[in-house]
Amino acid sequence: MDQYVPKGVTYLPCFILMDPNPIRTALNVCKDLIAHKVYAVIVSHPLTGDLSPAAVSYTSGFYHIPVIGISSRDSAFSDKNIHVSFLRTVPPYSHQADVWVELLKHFNYMKVIFIHSSDTDGRALLGRFQSTSQSQQDDVEIKVQVESVIEFEPGLENFTEQLLDIRSAQARVYLMYAGKKDASVIFRDAGMLNMTETGYVWIVTEQALEANNVPEGTLGLKLVNATAEQAHIQDSIFVLTSALRELTSMKNITEAPSDCETSGTIWDTGKQLFEYIMKQELLDGQTGKVAFDENGDRVNAEYDVVNIKENQVQEAVGHYLFSREVDRMRLTLDDTAILWPGRIRTKPEGFMIPTHLKVLTIAEKPFVYVREAKDDKCNQDEIPCPHFNSSDDGTGAIDTVMHCCRGFCMDLLQELAKTINFTYSLALSPDGLFGNYVIRNTTVGGKKEWTGLIGELVAERADMIVAPLTINPERAEFIEFSKPFKYQGITILEKKPSRSSTLVSFLQPFSNTLWILVMVSVHVVALVLYLLDRFSPFGRFKLANTDGTEEDALNLSSAIWFAWGVLLNSGIGEGTPRSFSARVLGMVWAGFAMIIVASYTANLAAFLVLERPKTKLTGINDARLRNTMENLTCATVKGSAVDMYFKRQVELSNMYRTMEANNYDTAEDAIEDVKRGKLMAFIWDSSRLDFEAAQDCELVTAGELFGRSGYGIGLQKGSPWADAVTLAILDFHESGFMESLDNRWILQGNLNLAQCEQNEKTPNTLGLKNMAGVFILVAGGIAFGVVLILIEMVYKKHQTRKQKRLELARHAADKWRGAIEKRKTLRATIAEQRRLKANGVNEPVSLSLSVEALHVLPPVSMTGMVVGPPHPAQCLGQGWPGSGTASGAASGAPSGTTTPCDLRQRGRLASVGASVGRPEQIHVAGVASVTSPPRGPRSRSTSPHSWVYSDADGSE
């Protein structure tokens, strides 16, 4: 054939019979093949034994002579480190995993149990199945999951224990790779446990089909043309000739090795020829399309799907062939021709539907109310719900602390259990979170995993989530949702902006400028009133008083009092203007005061009573939320559906970066901070926030709903309960059960909401918070008055002391002047006496004293001591100037009596004395003269109120 063999080229055949002994086979290869300088070897298998092809591969591979196997299917030949130049036109046993994946997808079996022997082919088959089922499917929702893997050592005698372990598993589809003998033991023990009857599915490999007790309904695979050696030899020769034709046109071919004893070098042309063979594709080969992968294994091999029927009859019910139309392998099956275990014609479900489910929930009002059960007993409308903890071994452990749950979702769970007939054990979320998709460990290559409720469901530690779980794409990739049982959206919760009632709230009706102008106007008007009344010629006039006195003009103090009194609408009892001009100004000022007071009253009502608080935000599109520079704190719950929504929205990326640092762990904490005013806006599900706003009149939701979605029940991927739960929820919507749950749990807060709306319609009343500043103003006035009276008392006391000091000083001065006059009188008297003596007059002068003068003489003691003039302090109470007593007789003295104080006051009494001795007559202020004994030098006694005179002889 010119298309394969160039003209002038001849290929010479050389063949030997394979020996069952691999050593002799290796020797024969050296002696009968390599000695003939062969370029390639095609190897089949001996009648007995299976190691001889490996000996051919080892020997030829030493010189890199290409070897094409046509019957060896062991996975060990795929290892290019050992079989460096081995290719084959038959696929290894592990490639059956590709057909298994297609079968499972066709039958929609998403969960299986894998049984294999612990040899190279068994482990290779498991590895290829896992990689193929996870990587070769575009739709991530139909990935096949291996629920359990059972590995056994070849040479089984009993397999009952392993079967009992997987009997309680949910999956009922068994994939088995085993040899003929091992498969016979497994089928025997499975039949004894009734695990080959109705509801079970067995899919096995070619070797297992050779057992003599394969159960009816088993599906297996058979390689097409597996034993057609002539067809494989022909395809191999065509592949070799095509590779040699390309090689001769591109490279120089060197001579092949010829002696195993002397030649020890690697044949480079053999390495190149091996690479060219691996690149060849034979579209119309005798065994189908012939092509090789990177390991030299045949790809696109064709299989028949075999069904075991009665009497161990193997019937092909499908084919796995290469399709040129789609350029890939395709599976075709006749489902109606398949006989399943138990001799049924309908496809089994492939799994056991569990009747007892592990259900998880989370505290979220009003859907789930949680309280701690102190006595480990729950009420009739409550469900026990301890915390759920996942242990390291993958099992779920329950805390000893009991909690009780009730609410919207709990009623829904109970109704679901009754409707679709299952039992359940309820538990709370282990970490109190819905779940977030995060990197568990921070090491290089850390794997992202789900936390919270979603994590427990993905790890298959729980079967169902009954909670207000928002349906979103991120979660739907890993878990399955039912139809929504409640539709909702996202909204914003904030606290109503309260009116700022400060201590000066009563000043709010007027601006600061207006208040200053009013204060200035009061005093300006008072000053003008004072001036008008003072300088007006008619500002002073006589009043109809009996005493005929005349009232003064309006002084400045009275003018200020009048201006303030008119402004504050208080009665003016005195100090009113008297002149006509001042009274005209007073009337104008009264009109001004009336307008000011009326305006203040109206504005006070508007500020403190009629003002209605409004929401600060208009919704998610509010510029203050979008602007990261605005001083506005907003947040949501970490890892929640709302958090994921903001991550998806590109236009909200700036807002999300701002709020990400403020996000809370739970919605409860965020709502409490909103109530305290610490958080300005909380973004969360509308159902919860509407409920909170109905419960607390201080809270309000802002704007319209956005990011509309629904709450669904979460299930494992491929859960058998998914369809039943969805149908039940749809039925609940139609029957009105969901509406009754809304009325009982969610709309119950509307009663309080109506009360809040009623409060909004009624006008606000003023309280102490609004008018506290007025009371403080009164208290301040009282305190200021007390301080002023204290100042007045201190000032008056100071003035009294000062006046007393002045009086004392004046009295001392008067006393000093009296003493001077007395000395002058004494000197004059002495001089007169001396003059009389000088003139010879020795007779005493007789003086007549009036009765009044006699009364003023000082009393003379029994001992002749004369009491001197009274001290000024003794006369304060007897008409002394400044004493406050009228001049005249002393207290207790008869009327008309002249006292020594009277004489002292009038300056007529200097000193009167008498002694027992010679009498002398002296003249007293020109009124009378008295007889007085001569006195010696004057000395002051210890008494401050008397003077003692001593005679010349020392007598007093």
Restricting attention to region 172-196, which residues are outside any helix (DSSP H, G or I) and among the hydrophobic types (A, V, I, L, M, F, W, C)?
Val173, Leu175, Met176, Ala178, Leu193, Met195
Region 458-493: number of residues that are in a strand (DSSP E or B) and surrounded by 17 or more Cβ atoms within 10 Å (Cβ to Cβ):
15
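If you check Ile683, Ile729, which single one turns out to be over 27 Å from the mean Cα position of the chain (by Cα), buried (at least 16 other Cβ atoms within 10 Å of the Cβ), under 27 Å from Ile454 (Cβ atoms) and at pLDDT 85 or above?
Ile729
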Qualifying positions in region 235-265 - open to solvent by 90 Å² or more (accessible area, probe 1.4 Å) and closer than 14 Å to Val38 by Cα:
Glu255
Yes or no: region 543-553 includes at least one residue that is of a type in the set (A, V, I, L, M), open to solvent by less than 50 Å² (accessible area, probe 1.4 Å) and at pLDDT 70 or above.
no
Report, by residue number, each residue of region 736-751 that is small (Gly, Ala, Ser) and either at pLDDT below 90 or open to solvent by 80 Å² or more (accessible area, probe 1.4 Å) (or both).
Gly749
Check on Ala76, under 60 Å from the mean Cα position of the chain (by Cα) and farther than 21 Å from Val239 by Cβ:
yes
In region 629-677, anything charged (D, E, K, R), under 10 Å from the mean Cα position of the chain (by Cα) and farther than 17 Å from Ala693 by Cα is listed as Lys638, Glu660, Asp665
Look through region 339-358, keep the residues that are assigned to a loop (DSSP other than H, G, I, E, B) and touching a Gly at 6+ places or on another chain (Cβ under 8 Å), and return whichever of them is most open to solvent (accessible area, probe 1.4 Å).
Arg343
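If I filter region 394-409 for residues that are among the charged types (D, E, K, R), part of a loop (DSSP other than H, G, I, E, B) and modelled with pLDDT of 90 or more, do I get at least one hit?
Filtering region 394-409 for residues among the charged types (D, E, K, R) gives 399, 406.
From what's left, part of a loop (DSSP other than H, G, I, E, B): 399.
Checking which are modelled with pLDDT of 90 or more leaves us with none.
Among the residues of region 394-409, not one is among the charged types (D, E, K, R), part of a loop (DSSP other than H, G, I, E, B) and modelled with pLDDT of 90 or more, which makes the answer no.
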Could you list all residues from region 669-696 that are assigned to a helix (DSSP H, G or I), of a type outside the set (Ser, Thr, Tyr) and within 22 Å of Tyr656 (Cβ to Cβ)?
Asp669, Ala670, Ile671, Asp673, Val674, Arg688, Leu689
Any residue at all in region 312-321 that is modelled with pLDDT under 90, assigned to a loop (DSSP other than H, G, I, E, B) and open to solvent by 30 Å² or more (accessible area, probe 1.4 Å)?
no
What is the one condition in (1) open to solvent by 60 Å² or more (accessible area, probe 1.4 Å); (2) at pLDDT below 85; (3) not β-branched (Val, Ile, Thr) that Asp335 does not satisfy?
(2)
Taking region 695-720 and keeping only residues that are among the hydrophobic types (A, V, I, L, M, F, W, C) and within 22 Å of Pro484 (Cβ to Cβ), one is left with Leu705, Phe706, Ile713, Leu715
So how many residues does region 690-715 have that are crowded, with 21+ Cβ neighbours inside 10 Å and modelled with pLDDT of 90 or more?
5
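Residue-by-condition table, conditions (1) more than 60 Å from the chain's Cα centre (by Cα); (2) modelled with pLDDT of 80 or more; (3) within 26 Å of Ser511 (Cβ to Cβ):
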residue	(1), (2), (3)
Asn555	yes, yes, no
Trp564	no, yes, yes
Val584	yes, yes, no
Ala593	no, yes, yes
Ala598	no, yes, yes
Phe607	no, no, yes
Leu617	no, no, no
Filtered residues of region 721-742 (kept if under 17 Å from Leu413 (Cα atoms) and not aliphatic (A, V, I, L, M))
Trp721, Asp723, Thr726, Asp731, Phe732, His733, Ser735, Gly736, Phe737, Glu739, Ser740, Asp742
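The values are calculated or read from the model by the stated rules, or taken from the named source; none is laboratory data. What you are looking at is a predicted structure, and each value in this text was computed from that prediction instead of being measured. FYI the Cβ positions are ideal-geometry reconstructions off the backbone, even for glycines, and counts take in every protein chain you see. Surface areas here come from the heavy atoms of the whole protein model, side chains and all, with no ligands, DNA or RNA. Shrake-Rupley method; radii C 1.70, N 1.55, O 1.52, S 1.80 Å.
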